[in-house]
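First comes the structure, then the notes that go with it.
Bear in mind that the values in this text are calculations on the coordinates, not laboratory data. Since the model is a prediction, treat every value here as computed from it, not as a measurement. All Cβ positions, glycine included, derive from the backbone under ideal geometry; neighbour counts span all protein chains shown.
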Amino acid sequence: MRMSKTLLMLFFCFVTLPAVELGTKYNYKYNNHLQLGKTTVDDALMQYGKPNERFHVKSQRYSYVFLRYFSTDLSLFSGHARMSYLEFRENILYAYITVSSFDDDSTKFNYTKAKEIEVGDTIEEVIDKIGEPSGKGKCPINTGKYSGFCKKGESTWMWLYAKTNGMLNSDRLQAKAFLVGVDKMGKVLEIERDHITVLTKGR
């Protein structure tokens, strides 16, 4: 009986843990000022602060730097999370992805409406239907699951929204993703809709 009470108390303490912060508080509002082809690594470090992770990769043609910023407010099974992931080629911003479930900078978008987007639509029509993107990149994308997407386009526009399962899975966010490849005239060339896992650490 005493053992049962002890286990019950331990379980109660475990599930009533207060919300905790993981990652680093950073200036996420700078997300709105990122510019492909202009923002530098030094710009990002100055505005965001020290990243949670920094990677350097060299290919036969280019040198890349990847910065990841991540912060959360989590309880055991729920909470909020945000992440900013930046890719620089030769020190200049080549792509970025931002995702957040916090109210003040939520990247939630209308995934149902996204299913209405078709090749040939203008990027203005896309934005009118589902809102501003939470990420952009030069074509083609170089890293991750969508490497090679948009080979014939000018840029990739990305919409992502993720939920966290709390402290039990703080390194993985379950996300809805919508990507469009856009040509020089601002028209949609390619479309990708998916449910993905966003890693908050590692590659």
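Miscellaneous remarks
- Footprinting exposure proxy ranking of THR39, THR156, THR112, fewest other C-beta atoms within 10 angstrom first, gives THR112, THR39, THR156.
- Computed FRET value (nearest 0.05) for ILE92 with ASP183, which takes r as the C-beta separation and R₀ as 30 Å: 0.90
- For GLN60 and LYS129, a Förster radius of 25 Å and the Cβ-Cβ distance give a FRET efficiency of 0.05, rounded to the nearest 0.05.
- Proxy reagent accessibility, fewest Cβ within 10 Å first, across GLU124, GLU87: GLU124, GLU87
- Virtual paramagnetic centre 7 Å along Cα→Cβ of GLN35, amide N under 19 Å, in region 80-110: 86-97
- Each of LYS152 and LYS50 was given a label point 7 Å from its Cα along the Cα-to-Cβ line. The distance between the two points is 4.8 nm.
- Sorted by Cβ neighbour density within 10 Å, fewest at the top, the residues VAL99, VAL41: VAL41, VAL99
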